[in-house]
Amino acid sequence: NAGVTQTPKFQVLKTGQSMTLQCAQDMNHEYMSWYRQDPGMGLRLIHYSVGAGITDQGEVPNGYNVSRSTTEDFPLRLLSAAPSQTSVYFCASSETALALTQHFGDGTRLSIL
Amino acid sequence: GNSVTQMEGPVTLSEEAFLTINCTYTATGYPSLFWYVQYPGEGLQLLLKATKADDKGSNKGFEATYRKETTSFHLEKGSVQVSDSAVYFCALSAHTGTASKLTFGTGTRLQVTL
């Protein structure tokens with residue numbers, strides 16, 4: 001009963017390094033999204049995808065890239081990490097783009113030194 | 001744009017106390033409203049939802065009523081347990097043409113003590 005799986009759970013990077021956060025879901029969900037969670041700010045949408053081959057920007061997309069080559073996977077890439085990207089990142093999926101219920105992974109805690 | 005405002009925490013209660021966490025929202029149209037819960041070290045789990053005015057969502061003893069006239073969706077529980085200690089997020093979902101997008105409040109940490 002995997003649901004949404006995120007890897008790694010923790011990561012420390014140096015400024016300027018690149019990194020890919022992995023997200024996979026086994027529920028055949030069309031919609032996937034990435035959020036970042038920062039103290040006092042709730043969760044903010046970074047990028048989302050309404051289906052394989054389709055991605056779009058959310059509220060805070062700068063510094064992040066995504067792709068959706070398969071229904072199952074939705075990796076988030078940091079091309080040149082900055083301290084401002086220190087955060088907890090959550091991946092979520094839902095059955096369709098208009099479905100109300102989203103399923104969240106357990107998160108990746110990322111620190112940029 | 002859409003926004004969600006919820007009371008700041010932390011909220012500290014004794015076991016069996018009554019819980020209220022306030023949440024108000026600003027949105028165009030008719031959003032759906034949610035409460036998510038985040039236990040330590042875990043992702044967010046949907047606690048309850050309401051999709052239209054006057055709907056009451058309920059789960060695990062928690063309740064919230066969608067009040068359009070006051071744009072509120074306050075979370076209540078009659079008797080909290082230590083196991084309810086977590087961070088609670090109020091959120092709204094609005095359609096933007098291609099997808100439903102969630103807008104979250106800042107979260108309220110609840111700590112329940114014996």
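Scanning region A:92-113 for residues that are under 16 Å from A:ASP38 (Cα atoms), open to solvent by 40 Å² or more (accessible area, probe 1.4 Å) and facing chain B (nearest Cβ under 7 Å) yields a total of 1. Right, B:THR108: within 10 Å of the chain's Cα centre (by Cα) and within 12 Å of chain A (Cβ to nearest Cβ) or not? Criteria met by B:THR108.
Taking region B:25-73 as the range and being open to solvent by 60 Å² or more (accessible area, probe 1.4 Å) and within 10 Å of the chain's Cα centre (by Cα) as the test, the residues that pass are B:LYS49, B:GLU63. Pairing each residue of region B:1-30 that is over 14 Å from B:LEU92 (Cα atoms) and touching a residue at least 24 places away in the same chain (Cβ under 8 Å) with any residue that is open to solvent by 90 Å² or more (accessible area, probe 1.4 Å) and assigned to a loop (DSSP other than H, G, I, E, B), provided the two are 6+ apart or on different chains, yields C-beta distances under 8 Å for B:SER14/B:LEU114; B:GLU15/B:LEU114.
Cβ-Cβ contacts under 9 Å between residues 6 or more apart (or on different chains), taken from a first residue in region B:94-114 that is closer than 13 Å to B:LEU44 by Cβ to a second residue that is of a type in the set (Gly, Ala, Ser) and surrounded by fewer than 19 Cβ atoms within 10 Å (Cβ to Cβ), are listed as B:LEU102/B:ALA94; B:GLY105/B:SER3; B:GLY107/A:GLY40; B:GLY107/B:GLY9.
Just for region A:59-91: of the residues that are aliphatic (A, V, I, L, M) and open to solvent by 10 Å² or more (accessible area, probe 1.4 Å), which one is nearest to the other protein chains (Cβ to nearest Cβ)? Can you show your working first?
Quick first cut of region A:59-91, residues aliphatic (A, V, I, L, M) only: A:60, A:66, A:76, A:78-79, A:81-82, A:88.
Filter once more, so that each one left must be open to solvent by 10 Å² or more (accessible area, probe 1.4 Å): A:60, A:66, A:79, A:82, A:88.
Numbers: A:VAL60: 13, A:VAL66: 14, A:LEU79: 25, A:ALA82: 23, A:VAL88: 10 Å.
Among those residues, the one meeting the criterion is A:VAL88.
The set of residues from region A:39-57 being open to solvent by 20 Å² or more (accessible area, probe 1.4 Å), assigned to a strand (DSSP E or B) and not polar (S, T, N, Q) comprises A:ARG44, A:VAL50, A:ILE54, A:ASP56. Residue count for region A:86-101 satisfying the condition of being touching a Phe, Trp or Tyr at 6+ places or on another chain (Cβ under 8 Å) and either of a type in the set (S, T, N, Q) or on the phi > 0 side of the Ramachandran plot (or both): 3. Residue-level check: of (1) without any contact (Cβ under 8 Å) to a residue 24 or more places away in the chain; (2) over 29 Å from B:GLY9 (Cα atoms), A:LEU76 misses just (1).
Would you call B:ALA91 buried (at least 20 other Cβ atoms within 10 Å of the Cβ), at the interface with chain A (Cβ under 10 Å from one of its Cβ atoms) and under 10 Å from the mean Cα position of the chain (by Cα)? It is true that B:ALA91 is buried (at least 20 other Cβ atoms within 10 Å of the Cβ), at the interface with chain A (Cβ under 10 Å from one of its Cβ atoms) and under 10 Å from the mean Cα position of the chain (by Cα).
The values are calculated or read from the model by the stated rules, or taken from the named source; none is laboratory data. Computed from a predicted model, the values in this text were never measured in an experiment. Counting neighbours? That spans all protein chains shown, and the Cβs are built from the backbone with ideal geometry, glycine included. Note: accessible area is taken over every heavy atom of the protein model, side chains too, but ligands, DNA and RNA are not part of it. Shrake-Rupley method; radii C 1.70, N 1.55, O 1.52, S 1.80 Å.
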